[in-house]
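Comments concern the structure below.
The values are calculated or read from the model by the stated rules, or taken from the named source; none is laboratory data. From a predicted model like this one, the values you see are computed outputs, not experimental measurements. Don't worry about glycine lacking a Cβ; one is built from the backbone with ideal geometry, like all the others, and counts go over all protein chains shown.
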Amino acid sequence: MIPQLVRHPPRTGRPVEPRNLYRSFTRVARSAGLRVIRLHDARHGTATLLTAAGGAPRVVMEIPGHSQISTIMDVYTHVVQDTQHEAMSRMDRLLRKRRPGRR
């Protein structure tokens, strides 16, 4: 939602005032019953969750508005590695269930 506000300025065509953007963000967060956080943290959280969900790097880059795919690859690589480790652990558990007594 936030990138939409930034990319599509109000009808005046002028850039969005950061203070007004943050006010809108806090109003939406409070009305949704969420804790108010910094916009930067929301951006980082969005990219982290999209990466963990297996989002394509280009898509993960575009949604929070990063300008370079290398940002996603450098900053969020740990998320991919954690997700891969978790997937392999799940596969291991699944295979152990199917072949009792074998290790």
- Checking residue 69 against (1) more than 30 Å from residue 19 (Cβ to Cβ); (2) out of contact with any helix residue (DSSP H, G or I) (no Cβ under 8 Å at 6 or more places or on another chain), which test does it fail? (2)
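Restrict the check to the range 55-67 and report whether at least one residue is in contact with a Phe, Trp or Tyr (Cβ under 9 Å, 6 or more places away or on another chain) and aliphatic (A, V, I, L, M).
Yes, because at least one residue in the range 55-67 is in contact with a Phe, Trp or Tyr (Cβ under 9 Å, 6 or more places away or on another chain) and aliphatic (A, V, I, L, M).
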- Message: Condition first: part of a helix (DSSP H, G or I), surrounded by 14 or more Cβ atoms within 10 Å (Cβ to Cβ) and touching a Gly at 6+ places or on another chain (Cβ under 8 Å). Can you find one or more residues in the range 49-66 that meet it?
- Response: no
- Task: Could you pull out the residue among 43, 96, 90, 35 that is closer than 26 Å to residue 18 by Cα, at pLDDT 85 or above and over 15 Å from the mean Cα position of the chain (by Cα)?
- Result: 35
